[in-house]
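Inspection log for the structure reproduced underneath, given as structure tokens.
Please treat every number below as a calculation from the coordinates, not as lab data. Since the model is a prediction, treat every value here as computed from it, not as a measurement. Ideal geometry is used to build each Cβ from the backbone, glycine not excepted, and the neighbour counts take in all protein chains shown.
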Amino acid sequence: MDSLLPLFSIILAIALGAISPGPSFVLVARTAIAGSRRAGLGTALGMGLGGLTFAMLALLGLIALLAQVAWLYLGLKILGGLYLLTLGWRLWRGAREPLTVDTTGEAGHGFWRAVLLGLVTQLSNPKTAVVYAGIFAALLPAQPLPLWLALALPAAIFAVECGWYALVATAFSAGGPRRVYLNAKSWIDRLAGGVMAALGIRLIYEGTRG
């Protein structure tokens, strides 16, 4: 029973972090509404895989090491910021381009491209890695973890991250949100691109300042 408390505490903390709006939310919503539900779910799967990666690295102590190596952490901040800035610029630049909506979701290559996009976006923010490290350090017991907990924790975090973004993808791929998007595509894409770019610039600024 004592092992269940840190498990549920970490899951709750990660869930609250996932629900908070950020680049991941913007990307999943935009992919689902502009592409297809299948593409949105692919992006959600990528986000879940990113969370799984962070959880495994946190358990191994590698993220804590990253937080102590200042130059490496700052360098990753700059790289992550450049990635988000590029993604935002691409959204802004393509805001006026006409969109062909994939209503069938049959393009398999599009699904796996969406998975990769979600994974890279999730991993591009080193601040998320540090949040994972802080949550794990604060809530895990000092003694070695039972094997079942070491296996259950990453799986549960994958389910939380992937499940939340799958809900986002499902909601935004419905007919109503899609019609709103098609009627105001240029403004919505510019807003999404601006949010991505602003977050990227913030990461770059923090990296160069640190």
Does the range 180-190 contain any residue that is among the small types (Gly, Ala, Ser), in contact with a helix residue (DSSP H, G or I) (Cβ under 9 Å, 6 or more places away or on another chain) and either over 28 Å from LEU41 (Cα atoms) or not in a helix (DSSP H, G or I) (or both)? no
Considering each residue of the range 137-154, count those that are without any contact (Cβ under 8 Å) to a residue 24 or more places away in the chain and within 23 Å of the chain's Cα centre (by Cα), and give that number. 2
Top-ranked residue of the range 4-38 - restricted to ones that are more than 18 Å from GLY193 (Cβ to Cβ) and in contact with a Leu (Cβ under 9 Å, 6 or more places away or on another chain), ranked as surrounded by the most Cβ atoms within 10 Å (Cβ to Cβ): ILE10
Pairs where the first residue, in the range 182-198, is within 23 Å of LYS77 (Cα to Cα) and the second is of a type in the set (D, E, K, R) and surrounded by fewer than 18 Cβ atoms within 10 Å (Cβ to Cβ), C-beta under 7 Å, 6+ apart: none
